[in-house]
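Student: Before we start, here is the structure in question, set down as structure tokens.
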Amino acid sequence: MSSELGSITEWIFNQEIPVPADIQEVLVPGETPVTAYKTFRDSAIFTDRRLIVRDSQGIRGKKVEMYSLPYSSINMWSSENAGTLDFTSELELWTRAGHIKIKLGRGVDIRRLDLLISYAVFGGLGS
């Protein structure tokens, strides 16, 4: 698993977007999408139970790889807001699967994501 994770340890969330309608087909009964972000080729969706990152592949993007990170696997996280000369914020997650770094575009509210992760890890979402 760790060699697999090496290729997915860094994602970029460019901006908040409406939750894609087709995400419903991969949610379990009772799971609710909370927010979504545009990634380089697809989207990342935070639900009340997990983070789902969809990665379209190939020239036409018909092949889609999906990553699912249950909040229960997050052991620790850190957030760093953008500075004066640094245009991106960062969210880092240490999980049972490994270390994941998420870079956030200028318009993404890092503190909102930090709060969402806090609620999710400590049981405040969907309870």
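Student: So what's the back-of-envelope 222 nm ellipticity for the chain, counting only DSSP H runs of four-plus at -39500 (n - 2.57) apiece and dividing by all residues, rounded to 500?
Tutor: After summing the helix terms and dividing by residue count, I get -3500 deg cm²/dmol.
Student: Moving on to the next point. What translational diffusion coefficient, in µm²/s and rounded to a whole number, does the Stokes-Einstein relation yield for the chain at 37 °C and a viscosity of 0.692 mPa s, taking the hydrodynamic radius as the Kirkwood radius over Cα pairs?
Tutor: After rounding, the answer is 218 µm²/s.
Student: Let me ask something else. Can you give the accessible area of Val26, probe radius 1.4 Å, in Å² rounded to 10?
Tutor: 50
Student: Would you list which lysines come within 23 Å of Lys101, measuring only between C-alpha atoms, while excluding same-chain residues fewer than 8 positions from it?
Tutor: Lys38
Student: For the chain, what does the relative contact order come out to in percent, with C-alpha contacts under 8 Å and a separation of six or more?
Tutor: Relative contact order for the chain comes out at 24 percent.
Student: From the square roots a ≥ b ≥ c of the eigenvalues of the alpha-carbon gyration tensor of region 20-93, which class results: rounded (a/c under 1.5), prolate (a/b over b/c), or oblate? It would help to have the intermediate numbers written out before the result.
Tutor: Numbers: a/c = 2.17, a/b = 1.26, b/c = 1.72.
Oblate, since a/c reaches 1.5 and b/c is not below a/b.
Student: Another question, then. May I ask you to list the aspartates and glutamates whose Cα is less than 18 Å away from that of Lys103, ignoring any residue fewer than eight positions away on the same chain?
Tutor: Glu10, Glu16, Asp42, Asp55, Glu80, Asp86, Glu90, Glu92, Asp114
Student: Just to check I understand the Karplus step: with θ = phi - 60° and J = 6.51 cos²θ - 1.76 cosθ + 1.60, what whole-Hz values come out for region 105-118, glycine and proline as x?
Tutor: x, 4, x, 8, 7, 4, 5, 5, 5, 4, 5, 4, 4, 4
Student: Okay, next question. Please compute the contact order of region 71-116 in relative form: average sequence separation of alpha-carbon pairs under 8 Å and at least six residues apart, divided by the residue count, as a percent.
Tutor: Working: 72 pairs, mean separation 15.7, N = 46.
Contact order relative to length: 34 percent.
The values are calculated or read from the model by the stated rules, or taken from the named source; none is laboratory data. This is a predicted model, so every value here is computed, not measured. Note: accessible area is taken over every heavy atom of the protein model, side chains too, but ligands, DNA and RNA are not part of it. Shrake-Rupley method; radii C 1.70, N 1.55, O 1.52, S 1.80 Å.
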